[in-house]
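Just so it is clear, none of the values below were taken in a lab; they were calculated from the coordinates. On a predicted model such as this, the values are computed, not experimentally measured, just so you know. Quick reminder, even Gly has a Cβ in these numbers, built from the backbone with ideal geometry, and neighbours come from all protein chains shown.
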Amino acid sequence: MKQNSEILLCKLHQFIQDKWNWVNTGYIHFNSKNEMLLLEKDTSMEVFAVQVNQQYDFFFDGEEGIQFQFNEYYGLSFQSREGAQIVWNKIKNILNEEDDDESIVLTPVNENTLGIILETMNKLVQSGTQAKQVLSNYLLNNKDYLEMLNSLFNKLEKDHNQELLQIMCSIVKNIVTVSEHELFQTILNDQNYQFIFGALEYDEEMTKKNFVPHRQFLEKNVSFLQVVQIKSKERLKTIHFIYRLQYLRDCSLAYYIDECQLMFIKIVLTCYVDLLKYIENSKEFLVELIDQLRNYNFLALRFLSEICSLFKEFQDLNKAFIYQKLGEHGLYEIVEDYIVDSLQDFQKQKAKFKKLKLKIQDDIYQKVPTMILELVISCLQHYPYNFRQYIISEHQQVLKYPLFNLIVDQAFENELYLEILKLLIDNSQDDQNEVLDCFLQLFYPKLSQQISHESKIEMKTQFVEISLGLSRNLKASVKEVFILNQITLKIGFILQERNKILQTKCLQFFKIMILQRDEDINKEIIMALPNLITPLLVYKGLRENLIYSQLLEIIKIIYEGANQNIIKSLEQELKIWEKHSNYLKVHDIIKNIKNNCMKNQFSTLNSETKPQQQINYNVVDNEIDLFKSVQGHSTNLHKQSQKRLVDYDDDVEIISKKTKID
């Protein structure tokens, strides 16, 4: 409101000798020090000032007069009750702040008071958390106040009053700022959300280029589709609320409410929990959803895919129960049909929809394969048992595992299929995995036979990733397959590829195998030693330090194991290359690693009580320091065999990527 608004014009009186005497006429104004000023009508000069606080006994007569005692008794008489009410509300708010009272009174809503309302809200918002809570509580307890703001907004739009519409926008931004879950539900309900988004269309801070008004977007670009009918009205309200809240966060005020992101996420997650528990407890809903999916309703697939992607956010939800029920209703048979049809470009469904004169956009057919695979991944991540049982069921066995064959065949062409395969044959648990046993017997040997020098880098990488995953928990069945198919030797050949990512994975595999300290595995390692020596001999400094550090670490682990067969084979293989230009440099480094390991073993034997500490390699500035870092890497041989092998894989991640040319 303007400083000299006519509604704030009043007369100042002083009570002297039992009567009120006129002192001056002017406009009431409040400054930042919470002083009430009287600015003379003709000159705008300050002619009177009083600090607004409790000691001056401010009193409102309910009509046009405000009285207070400031040395003497004073009174203000306004032209209308409205002006007196505005000033009194301001005084009340200041006094309530002073008392730390959790209550305020906002000025009545009209065109003349919008400025004062904004000023009051600004002050409360800037005063900290407690003041914000006071404003939030006021709006919750006085919902008719939002209705009055809504009505005034509609009037201002009809009048095209841009100045006051921008003030209204600022008021709405303040309301959003102090809102929490309950108030958000109020301002974004069916009665108020058009007002909230409408006011925000007048935000000058938003970029206006190609700007689509919020109400226009919500009306023309957004449609609510129910794949399965939700009978609960409260759940429908929750769905609309979630969408509006996310739109408010991501579109309407994205620049303004970054600091409130955590609160927004918490509110949305709380609402999703409510919806998901409804789905969990509604048998009819799941049955109807599966029926829609069976009839190739792609919206049902999208809905189920989105619901499953949300599950990872909720720890308390009984996700296993939902997946179990979906499986019982036939989800996995439907999934298999979708996968098979997607590889045939949905030709049957396209012909069927054409007969029914249903037009399905091409981009939907392109998105469906990804959605169905992501759905399978979600199932395997949260409740793998049912899908694993289905894929090796008697029905699948009679047909020679068609779905399993399909997944394995596609794993080297599509990363999503590869992820599914990894989850199916997960070897991290000690419990028996029948799918893993099936894979080892029927599929893994075929895959290893397909790997050759001519194979693509991508195929080799994926094969090494699968083998690496299997090696992390070397069960008897895995060990047997590795030996029968000479997997260690095959990965040794793959190590020769000039691809750092692939080489790193191969070296991780070798570390795990060597650390088994198993006689049968050692024989496989001896066969692959030439493939370890060859990359070492091309060592020309520290430009490729990561790979060579891992190679030297493997050499050190071999000497630490003290298996004479491997050590002898390693030294013999190295000697074969004594005419190589880089032989002496590599030989000296390996010799020093050997000497250092022998010293450590000797000290361990003489002092079993002294704990040995494992030190990882560091990237260093020259070869001597590299040698020292290798010397410093020592482990307690007595405890070595008891360590989880996966700990050694993490060493690679710790090595710094600093590089320097020798």
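Across the range 296-411, the mean sequence separation of Cα contacts (distance under 8 Å, 6 or more residues apart), normalised by length, yields a relative contact order of 36 percent. When the alpha carbon gyration tensor of the range 284-410 is reduced to an equivalent ellipsoid, its three semi-axes come out at 24, 20, 13 angstrom, largest first. Near residue 166, within a Cβ-to-Cβ distance under 9 Å, what is the net charge of the other residues, with Lys and Arg +1 and Asp and Glu -1? Around residue 166, the charge tally is -3. At q = 0.13 Å⁻¹, what log₁₀ I(q)/I(0) does a Debye calculation on the Cα points of the range 1-101 give, no solvent, two decimals? Values, matching the q order: -0.41. Taking every Cα-Cα distance in the range 104-281 and sorting them into 10 Å bins starting at zero, the pair-distance distribution P(r) comes out as 9, 36, 37, 16, 3, 0 percent. Using the Cβ of residue 41 as centre and a radius below 13 Å, the other residues enclosed give a net charge of -3, where K and R count +1 and D and E count -1. Measuring nothing but how far apart in sequence close Cα pairs (under 8 Å, 6+ apart) lie, relative to its length, the range 464-576 scores a relative contact order of 27 percent.
Taking chymotrypsin sites (Phe, Trp or Tyr not before Pro) across the range 295-383, the ones in a DSSP loop with at most 16 further Cβ atoms lying within 10 angstrom of their Cβ are 314.
For the range 65-169, the list of GluC sites (Glu not before Pro) that fall in a loop by DSSP and count at most 13 other C-beta atoms within 10 angstrom reads 102. Mean projected area of the convex hull spanned by the Cα atoms of the range 100-141, taken over all viewing directions: 2.9 nm².
The listed peptides 522-535, 423-436, ordered by packing as a protection proxy, come out as 522-535, 423-436 (highest mean of other Cβ atoms within 10 Å first). Could you tally the net charge around residue 156, taking each other residue with its Cβ under 11 Å from the Cβ of residue 156, Lys/Arg +1 and Asp/Glu -1? Its environment carries a net charge of -2.
Scaling against 2.2 N^0.38 Å puts the C-alpha radius of gyration of the range 425-525 at 1.01.
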